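First the structure, in the form of C-alpha cells, and then the observations on it.
The values are calculated or read from the model by the stated rules, or taken from the named source; none is laboratory data. Everything numeric here is computed off the predicted structure, so don't read it as measured data. Cβ sites come from the backbone with ideal geometry, for glycine too, and all protein chains shown count toward neighbours. Heads up: the accessible areas ignore ligands, DNA and RNA and are worked out on the full protein's heavy atoms, side chains in. Shrake-Rupley method; radii C 1.70, N 1.55, O 1.52, S 1.80 Å.
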Amino acid sequence: MGASLSNLTENGSTNGRPGLGDIPENCVACVFMYLNPPEICNLARLNRAFRGAASSDAVWESKLPSNYHHLLDLLPPQNYDGLSKKDIFAFLARSVPFDDGNKEVWLERISGKICMSISSKAMLITNVEDRRHWNWFPTEESRFHVVAYCQQVWWFELSGTVNFPFPPGIYTVTFRVHLGKIFKRLGRRACNFEHTHGWDLGTVRYELSTSDGQHAVSECFIDDTGQDDPNGNIRRGSWIEYKVGEFIVSASDPVTEVRFSMKQIDCTHSKGGLCVDSVSITPSDLKVQPRKGV
C-alpha cells in the first residue's frame, strides 16, 4: 500500500497508471482556491505540479483580503516590492506595526482575515501621568511588551480611537486585562494582588461607537475567579478578555472610525491592582467569544 501511494504521488504515470503528477497544474490551482493556506502548503509537498500550483499568484490573491494593499501602505515599499502573492501573504501574516508601533494589524493565517491590536500606550488614560495612580511596566506577556498598571484610582477611564479601512464583515472589540501585577520570581511567573481591590463593588462600563452611527455598550464586574483550569480548579492571575460589542462594516471605503472606552467612575470607592494590555478588533467568526458583559 505504501508503494502504491508513493507511485500515486509521483510526477507522470507509472506502469501506465495515472498519478497525481498527471493532473495539470492549472487544475490543481483551481482546487487550491477552495483550500485554506495551511492545507495548500501541506499539499505542495506532494509533487512538482502541486508545488507549482501552490506558488501561483492567482491562488494566493484569492487568500488575501480585497484591500490588502492598505496594509502594504503602512510599510516602506522596499519591504514588499518584487514579492509574490504567496510571500505577501506570509509577510502580512506577521504583525504590521503602525502609529509609532502602538497598533498592529495582521492576517489570520487560516482565514486570511484582518485582525488588529491596539496597545494601552495608544489610549487616553485619566491621570496616567500621576505615578501614584498609574505605572507602565515591561512584560513578555504583551505583544507590545509593555502594559499599563492601575495601582489605585477613584476615577477609572480609558478610551481610544482607530481609523482603518476594514474589509466588509462583522467585527468584535475586546479589552484584555489582568487582575494583579505580573512579575518573575526565581524565573517563574507570579502575581501580586496586594493592590487589587474595588472591582467587585461596581461594574465596569465598556462602550464602542463607529463613524457610521453604530453603538454598543456592555457592563460587567472584572473577575478572574471564573477562569477554571482543565481540572475544574479556580485559578487566579490569568489574562481576561472582555467583550465591548460588535460593529458591521459594509464597505472599506470610506474608512471606518472605531471609538472605544472602558470606565468605572463610581467615586464612592477606590479601585486598583489591574493591568490593561490592549484592545483587539477581530472578525467575530474567528474564535470562541470572550466573556460578555451584562
Largest to smallest accessible area among CYS41, CYS275 [probe 1.4 Å]: CYS41, CYS275
With all protein chains modelled, accessible area of GLU39 [1.4 Å, Å²]: 80
Hydrodynamic radius of the stretch 102-232 per Kirkwood, over alpha carbon pairs, in Å: 17.3
Cross-link table LYS103/LYS263; LYS121/LYS263; LYS63/LYS243, entries beyond 25 Å C-alpha to C-alpha: LYS63/LYS243
Loop-located chymotrypsin sites (Phe, Trp or Tyr not before Pro) in the stretch 105-160, at most 15 other Cβ atoms within 10 Å (DSSP): TRP155
